[in-house]
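Quick notes on the structure that follows.
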Amino acid sequence: MKKIQGNDSFQRINYLYQISKEIADKNPVLSAYYGNLFINVAKKNVAKIHPDIKRQICKKCRCILIHKVTANMSIKKKNKSKMVEYLCNTCGSKKNFPAKKDKDYRTWLEKPESVVEVVS
Ligand SMILES: [Zn+2]
């Protein structure tokens, strides 16, 4: 098996993310604690968290945002463009994403050409 640099921390981030998601409906504060932990692990190891995961985390309290569980999602109109808005139930902060059918909002990491190698 090939050795990947920072593999241990990836596993740790993955594990913490899963607990954070599991526990979100029972204890959002604890979920935020785990969210904080894995973001700090990532920062320390200069690892990038996938945008899909990043979007699910409240930017203020770092709780996992799940519609109707820890957050409320709504569609807002702003300057002719539609926005998806998440309102965190734990700390009350808002998070917005642009949403438009015919536009590609994927970040570089989400595009297939960003994958250099798949390691199993
Ligand atoms: Zn929050």
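Points worth noting:
- Check on Val84, open to solvent by 50 Å² or more (accessible area, probe 1.4 Å) and either out of contact with any Leu (no Cβ under 9 Å at 6 or more places or on another chain) or away from the ligand (no atom under 16 Å from the Cβ) (or both): no
- Residue list for the stretch 58-80, restricted to those being touching a strand residue (DSSP E or B) at 6+ places or on another chain (Cβ under 6 Å) and more than 28 Å from Ile23 (Cα to Cα): Lys76
- Boolean, Thr70 is of a type in the set (Val, Ile, Thr), within 12 Å of the ligand (Cβ to nearest atom) and open to solvent by 40 Å² or more (accessible area, probe 1.4 Å): no
- Exclusive hit being at negative phi and open to solvent by 100 Å² or more (accessible area, probe 1.4 Å), set Tyr34, Tyr15: Tyr15
- Residue list for the stretch 51-66, filter: open to solvent by less than 80 Å² (accessible area, probe 1.4 Å) and near the ligand (Cβ under 8 Å from one of its atoms): Cys58, Cys61, Arg62, Cys63, Leu65
- Within the stretch 92-110, the set of residues being open to solvent by 50 Å² or more (accessible area, probe 1.4 Å) and free of Cβ contacts under 8 Å to residues at least 60 places away in the same chain comprises Lys94, Asn96, Pro98, Lys100, Lys101, Asp102, Lys103, Asp104, Tyr105, Arg106, Thr107, Trp108.
The values are calculated or read from the model by the stated rules, or taken from the named source; none is laboratory data. No experiment lies behind these values; they were computed from the predicted model shown. Here Cβ is always computed from backbone atoms with ideal geometry, including for glycine, and neighbour counts include all displayed protein chains. We work out accessible area using only protein heavy atoms, side chains counted, and drop any ligands, DNA or RNA first. Shrake-Rupley method; radii C 1.70, N 1.55, O 1.52, S 1.80 Å.
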